[in-house]
Amino acid sequence: MKRRIRNRDVPATGDALPGQLHPVVRRVLLARGITGSDELELGLRAMHPPGRLAGIDRAAALIADAVQQDRSILVVGDFDADGATGTALAVLALEAMGARRVSFRVPNRFEFGYGLTAGLVGTLADAPPDLLVTVDSGINCNAGVEAARQLGCQVLVTDHHLPGETLPPADAIVNPNQPNDRFPSKALAGVGVMFYLLGAVRSVLRERDWFGPRRREPHLAQFLDLVALGTVADLVPLDHNNRILVAQGLERIRRGLARPGIMALLRHGNRDYRFASASDLGFAVGPRLNAAGRLEDMAAGIRCLLTADADEADRLAAELDALNRRRKGLQEEMQEAALAQARALIDTLEPNVERRALCLFDPGWHQGIVGLVASRVKDAVHRPVVAFAPEEAGASVLKGSARSVRGLHIRDALALVDARHPELMQAFGGHAMAAGLSLEAARLPAFERALDDAVRTVLDGAELAETLWTDGSLAAGELGLETSLALERAGPWGQRFPEPVFDDHFDVLERRVVGGSHLKMVVERHGGGDALDAIAFNRLPDDLPPAGPVRMLYRMGVNRWRGRESCQLMVEEIVT
């Protein structure tokens, strides 16, 4: 695998950032295309207004009518963190606006699969809701939407995924990625779409004089912790609009104003809510919430987010934490087998022949974990990977989860496979970096060949070389707590707005292993400087060169212990 280390370019002109910015922060922001003070404004007033979201007026009126007429509303979410937070947001906000008959369903992935399927709708036949609202799904669920309408339901689809060739026959659709939508940000997560819609619903109800002394108008900002969690966990790009949503949600969490379930999940992840960051949501809270949808039923995760009782929230968070530990064990087993498969596939290739995409399968794998496995293997081999598991034990249908690398749009590749070989896949959908599909096990070898050919076509000669982007070197005087705190305040960091990574040589003064597999060091910038703590996760002393300075790619962290703060380098790569 080819690897390149490159520094991000810092434009020489166009800098209109505030003069008082820390110089390292200024350089980092410029390298990410942030050139003006307006792009640093993270208050709610800087958000894009909702009016340009196609269909939002019709959708808001549908919900407002249902609330005022005391009609039954069923929120159907997805089984990931985005769907769970969006579902909880919809239920809580609608109840706060006076809706009395709101309930939720989330499809069990092992029984119904993804989205609003006809099978899931069939379970509603005895008591169909008056209004069915999807969250984070539905844009490709044409059969399910049609089945719901046949039951007499009004159907409102809220989603952010890319639509297929035809839109579902819903009564209204809100999706910034649907055709002819003029909303400036196409990066909203499903929970973000729902937050915008609920704001429009509140406006309609306000105009209709629904609120008054006995029915207070709710402040929707109280739910921004949910929006922040879903946005970060779904790995959508943190454009300016999403950074506002995440920053505002994090501020509520740091002030201790978050939902009891989010606070409990942070505790079980050993994170201090007072200093909560986007990475805490992404690496501590999100995985625990997602574990329910991966292994059992996301309803437990949604109940954790919904409850206002701290004791119940802690009990449910403990259940989710236990599920997450079980998920980790399964993932480690599957990952080891998947990496062995990947290496074997690569080793059997003829010289000068490169497989552009890998398909991995084991009949014993768990379909709720294959996406995580595909992601880890993709990182190791730097090419798109599809990991498959049986739909259920002994089933002939396989569920595949695809993960891609930058520069290769995996859904486009799957669409090309479908165009060339329409008989191969039963269904597919997704994003540029992640997708899902299903097919008959007997067709897996043919699919593998077709996908490799499609990836070659989409790449059109481009190389799949891994590029490690950095923000260059830091001077000895810049390596310290002041810079770490300044960078922390400049967040939130995330997808397409990456946390800064720097590139320097260090002398290793001390080294030891902590936690069984992590390399704890004391380092000094080569050429002189202060001694600094550093940690490299999942590294051992053998990963260091035997002598001389060590080149490291690292992030600037803040270590907080017993009321004291210190700078700590978080080592991303040890370059040998």
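The values are calculated or read from the model by the stated rules, or taken from the named source; none is laboratory data. Small disclaimer: the values here were computed from a predicted structure and weren't measured. Positions of Cβ are generated from backbone atoms using ideal geometry, with glycine treated the same way; all protein chains shown enter the neighbour counts. For the accessible areas, the whole protein counts, side chains as well, though only heavy atoms, and no ligand, DNA or RNA atoms are used. Shrake-Rupley method; radii C 1.70, N 1.55, O 1.52, S 1.80 Å.
If R0 equals 51 Å, the separation of the Cβ atoms of GLU251 and GLN426 corresponds to a calculated FRET efficiency of about 0.70. Scaled to the globular estimate 2.2 N^0.38 Å, the Cα spread of the chain, given as radius of gyration, is 0.99. Gain on full extension, evaluated as 0.36 nm per residue between LEU40 and VAL10 minus their Cα-Cα distance, stands at 9.1 nm.
How many lysine pairs does the chain hold where the Cα atoms are under 21 Å apart and the two sit 8 or more places apart or on different chains?
So the count of such lysine pairs works out to 4.
Averaging the sequence gap over all C-alpha pairs within less than 8 Å and six or more residues apart, then dividing by the number of residues, gives the chain a relative contact order of 12 percent. Evaluated with a Cβ-only charge set (Lys, Arg +1; Asp, Glu -1), the chain carries a dipole of roughly 880 debye about its Cα centre, given to the nearest 20.
Ranked by the mean number of other Cβ atoms within 10 Å of their residues, highest first, the peptides 170-176, 273-279 come out as 170-176, 273-279. Remark: region 315-464 carries a charge dipole of roughly 420 debye about the Cα centre, counting +1 on each Lys and Arg Cβ and -1 on each Asp and Glu Cβ.
Taking the Cα centre of region 131-198 as origin and assigning +1 to Lys and Arg Cβ atoms and -1 to Asp and Glu Cβ atoms, the resulting dipole is close to 120 debye.
The Rg/Rh ratio for region 293-439, using Cα coordinates for both the radius of gyration and the Kirkwood hydrodynamic radius, is 1.05. The per residue volume of the convex hull around the alpha-carbon atoms of region 226-268 is 60 Å³.
Remark: spin-label model distance ARG315-ASN559 equals 4.0 nm, labels positioned 7 Å along the Cα→Cβ axis.
Each of ASP126, ASP239 has its accessible area taken with a 1.4 Å probe; listed largest first, they run ASP126, ASP239.
Considering only the chain, what is the antiparallel percent among its DSSP beta bridges, to the nearest 5? Around 65 percent antiparallel, to the nearest 5.
Put simply, when 396-403, 464-471, 136-143 are sorted by average Cβ atoms within 10 angstrom per residue, most first, you get 136-143, 396-403, 464-471. If the label point is 7 Å along Cα→Cβ of GLN69, which residues in region 123-141 have backbone nitrogen under 16 Å from it? Once the point is set 7 Å along Cα→Cβ of GLN69, 128-133 turn out to lie under 16 Å by backbone N, inside region 123-141. Rounded, prolate or oblate: which fits region 86-198 when a ≥ b ≥ c are the square roots of the eigenvalues of the alpha-carbon gyration tensor, with rounded for a/c under 1.5 and prolate only if a/b beats b/c? Oblate, because a/c is 1.5 or more while a/b does not exceed b/c. Whole-Hz Karplus values for region 43-57 come out as x, 4, 5, 7, 5, 5, x, x, x, 8, 6, 4, x, 6, 5 Hz, taken residue by residue from phi with 6.51 cos²θ - 1.76 cosθ + 1.60 and θ = phi - 60°; glycine and proline positions read x. Please list, by residue number, everything in region 25-60 whose backbone N is under 15 Å from a paramagnetic label point 7 Å out along Cα→Cβ of ARG182. From region 25-60, the list is 49-57. Under the combined filter of DSSP loop state and at most 15 neighbouring Cβ atoms within 10 Å, region 404-462 retains these trypsin sites (Lys or Arg not before Pro): ARG406. Where in region 474-576 are there trypsin sites (Lys or Arg not before Pro) that are in a DSSP coil and have at most 15 other Cβ atoms within 10 angstrom of their Cβ? Listed in order of number, the matching sites are ARG496, ARG562. Calculated FRET efficiency, ALA462 to THR576, Cβ-Cβ distance, R0 = 30 Å: about 0.65 to the nearest 0.05.
Look at the dipole of the chain built from charges on Cβ: of ALA276, ALA534, PRO213, the Cα furthest out on the positive end belongs to PRO213. Rounded, prolate or oblate: which fits region 360-508, taking a ≥ b ≥ c as square roots of the Cα gyration tensor eigenvalues, rounded meaning a/c under 1.5, else prolate when a/b beats b/c? Prolate, because a/c is 1.5 or more and a/b exceeds b/c.
Positive contributions from Lys and Arg (+1) and negative ones from Asp and Glu (-1), summed over other residues with Cβ under 13 Å from the Cβ of ARG325, come out at +2.
Ranked from largest, the principal axis spans of the Cα set of region 1-151 equal 65, 47, 23 Å. When the Debye formula is applied to the Cα atoms of region 255-350, each taken as the same point scatterer, what base-10 log of I(q)/I(0) results at q = 0.17, 0.25 Å⁻¹? Each listed q corresponds, in turn, to -0.72, -1.23. If R0 is 45 Å, the Cβ-Cβ spacing of ARG325 and ALA61 corresponds to a FRET efficiency of close to 0.50. For the listed peptides 43-56, 217-230, 61-74, 296-309, a ranking on the average number of other beta carbons within 10 Å per residue, highest first, reads 217-230, 296-309, 61-74, 43-56. Fraction of C-alpha pairs exceeding 18 angstrom in region 63-137: 38 percent, rounded to a whole number. Once the Cα-Cα distance is subtracted from the 0.36 nm per residue extended length, the SER517 to LEU444 segment shows a gain of 22.6 nm.
Percent of Cα pairs in region 135-240 per distance bin of 5 Å, from zero to the largest separation: 2, 11, 19, 19, 18, 15, 11, 4, 1, 0.
Calculated mean residue ellipticity, 222 nm, the chain: -11500 deg cm²/dmol, from DSSP H runs (n ≥ 4) at -39500 (n - 2.57) each, averaged per residue and rounded to 500. Site pair SER203 and LEU481 shows an inter-label distance of 4.6 nm when each label is modelled 7 Å from Cα along Cα→Cβ. Classification of region 405-457 by its C-alpha gyration tensor yields a prolate form. The axis ratio a/c (a ≥ b ≥ c) is 1.5 or more, and a/b outweighs b/c. Within the shell of other residues whose beta carbon sits under 10 angstrom from the beta carbon of PHE497, the net charge comes to +1, with Lys and Arg scored +1 and Asp and Glu -1.
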